[in-house]
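Scroll down for the structure; my scribbles are underneath it.
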Amino acid sequence: MKITAILNQLLLRARRRRLQLRARRKRRELKPVQNRTANIRPEDILVFTTQRNELDRLPYFLNYYRKIGCNHFVIVDNASTDGSREYLEEQDDVSLWHTDASYRSARFGCDWLNGLQALYAHGHWTLTVDVDEFLVYPHSDTRPLNAMTDWLDSSSVKSFSAMLLDMYSKGPISQTHYRRGQNPFDLLRWFDPGNYLIRKDRRHGNLWIQGGPRMRNVFATEPARAPALNKIPLVKWHRGYVYTSSTHSLLPRGLNRVFDEWGGEKPSGCLLHAKFLSLIGSKVDEELERKQHYAGGREYQAYQETIEQNGTFWTEGSVEYVGWRQLEGLGLMSSGSWI
């Protein structure tokens, strides 16, 4: 047993080095548009993301994270054509890079962000999210994010997990129309309170979560192919860290131990997922042509079928969202020992 553990440790260490080298190489694909990282202060919380043609989503995304206490955004624009690059260039707290290179060949943007995090995130609490993901953490309605990160620092905790919670409207996705700058959760007010499967990935030490509306609806006949909902978006970054697969897992392996194996609970949050607006229709069409997402866009093909059927995720078992305490009561997140 010890030999197996040692061998796994050596293999993961070698993989981390390969990913670090790959990130440095892929970083060459990025061209700075506005590099304001010299303005980053030692105590700042940073947000990292990639985006393409998200002009409608960006105003609310930036304002949401500003309001909870994030200080600087490091963003990779992947060949946008809708004006989002120009919009981001004008934001004083955004450092922006541009690339026309393949998103898929950069491991769906993971290599680009790993490369930039190695340069700019060292020593900072760093939040890595998509532009349709919104972090809810214990007491997020009354306390800024640095209250949580200060507590994590004092407890010697370096990573914080959040389950991706798919939010949806009561009506068809195709008729859930979004206005630029609007709070998407004025429209996407519902979620699945249960129906989640959890297992442990023994190699990386993280939890693997599937379920929710996409598993029961889009992937009903192939539930094993449903998207992973486990995320570790908030990390006290070190230049030697790397994400291995989106934000599902990291190396070194110890960063994935975001749960307590001895009967207690570690604090965790949820990422409210604002994907299922009518905006997704054009994204589906674009992705089916570009084929830059996982498994050749198989997930997007399933979305297209759902949209064409005028589908909705809402059922009689859906629950309307009211706040983080509700999510904690349902066991979807935890305040742990943080009061």
Identify the residue in region 137-156 that is under 30 Å from L277 (Cα atoms) and charged (D, E, K, R) and, among all such residues, is surrounded by the fewest Cβ atoms within 10 Å (Cβ to Cβ). D141
Considering (1) touching a residue at least 24 places away in the same chain (Cβ under 8 Å); (2) under 15 Å from S318 (Cβ atoms), say which one N195 fails and leave the rest. (1)
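Each row is one residue, and each column tells you yes or no for (1) closer than 23 Å to N256 by Cα; (2) in contact with a helix residue (DSSP H, G or I) (Cβ under 9 Å, 6 or more places away or on another chain); (3) at pLDDT 95 or above; (4) acidic (D, E).
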position	(1), (2), (3), (4)
M1	yes, no, no, no
T4	yes, no, no, no
Q51	no, yes, yes, no
E54	no, yes, yes, yes
H72	no, yes, yes, no
S84	no, yes, yes, no
A106	yes, yes, yes, no
Candidate set: region 167-209, residues that are outside any loop (DSSP other than H, G, I, E, B) and among the β-branched types (V, I, T); chosen: the one modelled with the highest pLDDT: I209
Please enumerate the residues belonging to region 211-229 that are surrounded by fewer than 23 Cβ atoms within 10 Å (Cβ to Cβ) and under 15 Å from the mean Cα position of the chain (by Cα). P227, A228
Sort out which residues of region 151-181 are of a type in the set (F, W, Y) and more than 19 Å from the chain's Cα centre (by Cα), and write them in order of number. W151, Y178
Name the residues in region 72-86 that are aliphatic (A, V, I, L, M) and either crowded, with 17+ Cβ neighbours inside 10 Å or touching a residue at least 60 places away in the same chain (Cβ under 8 Å) (or both), would you? V74, I75, V76
Mind checking which pairs have a first residue in region 19-42 that is in contact (Cβ under 8 Å) with a residue 40 or more places away in the chain and surrounded by 12 or more Cβ atoms within 10 Å (Cβ to Cβ) and a second that is aromatic (F, W, Y) and in a helix (DSSP H, G or I), Cβ under 8 Å, 6 or more apart or different chains? A23/W112; K26/W112; R27/W112; E29/W112; L30/W112; T37/Y120; I40/Y120
When (1) at pLDDT below 95; (2) among the polar types (S, T, N, Q); (3) crowded, with 16+ Cβ neighbours inside 10 Å are applied to S282, the one that fails is (3)
If M148 passes every condition in (1) in contact (Cβ under 8 Å) with a residue 40 or more places away in the chain; (2) in contact with a strand residue (DSSP E or B) (Cβ under 9 Å, 6 or more places away or on another chain); (3) assigned to a loop (DSSP other than H, G, I, E, B) but one, which one does it miss? (3)
Subset tally (residues that are under 23 Å from the mean Cα position of the chain (by Cα), assigned to a loop (DSSP other than H, G, I, E, B) and loosely packed, with under 12 Cβ neighbours inside 10 Å) for region 304-330: 2
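The values are calculated or read from the model by the stated rules, or taken from the named source; none is laboratory data. Quantities reported herein were computed from a predicted structural model and do not represent experimental measurements. Positions of Cβ are generated from backbone atoms using ideal geometry, with glycine treated the same way; all protein chains shown enter the neighbour counts.
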